[in-house]
Amino acid sequence: TGALHTPLAQVADGQGAVEIWDSPLSEAGVLGFDFGYSLDAPHDLTIWEAQFGDFWNCAQAVVDQFISSSEDKWQRLSGLVLLLPHGFEGQGPEHSSARLERWLNISAEDNIQVVNLTTPAQLFHCLRRQMLRKIRKPLVVMSPKSLLRHPEAVSSLDEFANGGFRKVIGDASADPARVRRVLLCTGKVYYDLLAERRARGIDNIAIIRVE
């Protein structure tokens, strides 16, 4: 009939709306708009996704002048979520890194949350927590593209339905009686270390994920 139909809107079962809009390719303008929208609609989940690192580079001034400092300068709270690329995934330097180290530098006063997640359930619970918790802080999610198709980056339905976000994930496969070394890592590096541990037949090293 030509009528507009949004399948995602049916998921909410009439309890909410799903609206997806294209935008002009001005990353500073779009991120600035999304930041302002997050202030005006604090109960909405507002997400800005940068597929490539250069998008975030072009919007860096908005991050420095508004997102990272609005709470301190103006006592304005934002729950804006930024999904950013991370790691060299074959696209070249500017298309691969959201500069995780820089985010950690500018979040030193508990003004921003930075996560580098390893499972789909962790992402689900992280976004759910962003909506349900009493505080409002910008959330930066490092999103390596390789984990979208990694055969081991999976979660069971039970992990989605139960539990919650875990800041640290222990190594359930390691025997504490045999462990002689503990590795702390984050994000996609976990799966690289896991594969190497298996290839070498090592059973005395535990790999802990800091999410």
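The values are calculated or read from the model by the stated rules, or taken from the named source; none is laboratory data. The structure displayed is predicted, hence computed values, not measured ones. Cβ coordinates were reconstructed from backbone atoms using ideal geometry, including for glycine residues, and neighbour counts include every protein chain displayed. Heads up: the accessible areas ignore ligands, DNA and RNA and are worked out on the full protein's heavy atoms, side chains in. Shrake-Rupley method; radii C 1.70, N 1.55, O 1.52, S 1.80 Å.
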For the chain, build the charge dipole from Cβ charges (+1 Lys, Arg; -1 Asp, Glu) around the Cα centre, then report which of A172, L31, G2 sits farthest towards its positive end. A172
Considering only C-alpha atoms, what is the centroid distance from the range 86-150 to the range 168-211, in Å? 21 Å
Rounded to the nearest 10 Å², what accessible area does I205 have for a 1.4 Å probe in the complete protein model? 30 Å²
If you fit an axis through the alpha-carbon atoms of helix 27-40 and take the longest principal axis of the Cα set of the chain, what angle between them do you get, 0 to 90°, nearest 10? 80 degrees
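Quick one: order L77, L84, L39 from most to least accessible surface, probe 1.4 Å.
On the way: L77 85, L84 0, L39 35 Å².
So, going from the largest accessible area down, we get L77, L39, L84.
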For the chain, the accessible surface attributable to carbon and sulfur atoms (probe 1.4 angstrom, ligands and nucleic acids excluded) amounts in percent to 56 percent
At 222 nm, what value in deg cm²/dmol follows for the chain if DSSP H runs of at least 4 each add -39500 (n - 2.57) and the sum is divided by all its residues, to the nearest 500? -8500 deg cm²/dmol
Subset of K73/K167; K134/K188; K167/K188 violating a 25 Å alpha-carbon distance limit: K73/K167; K134/K188
Classify the range 27-78 as rounded, prolate or oblate from the Cα gyration tensor: take a ≥ b ≥ c as the square roots of its eigenvalues, call it rounded if a/c is under 1.5, otherwise prolate when a/b beats b/c and oblate if not. oblate
Applying the gyration tensor rule to the Cα atoms of the chain (axes a ≥ b ≥ c; rounded if a/c under 1.5, else prolate if a/b exceeds b/c, else oblate), the class is prolate
Take D64, D72, D203, D171 and sort them by solvent-accessible surface of the protein heavy atoms, 1.4 Å probe, largest at the top. D72, D203, D64, D171
Order R76, R102, R181 by their accessible area, 1.4 angstrom probe, all chains in place, largest first. R181, R76, R102
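For the chain, report the accessible area per residue in Å² (1.4 Å probe, heavy atoms, rounded to an integer).
61 Å²
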To the nearest 20 debye, the chain has a Cα-centred charge dipole, built from +1 on Lys and Arg Cβ and -1 on Asp and Glu Cβ, of 820 debye
With DNA, RNA and ligands ignored, accessible area of H5 (1.4 Å probe; Å², nearest 10): 120 Å²
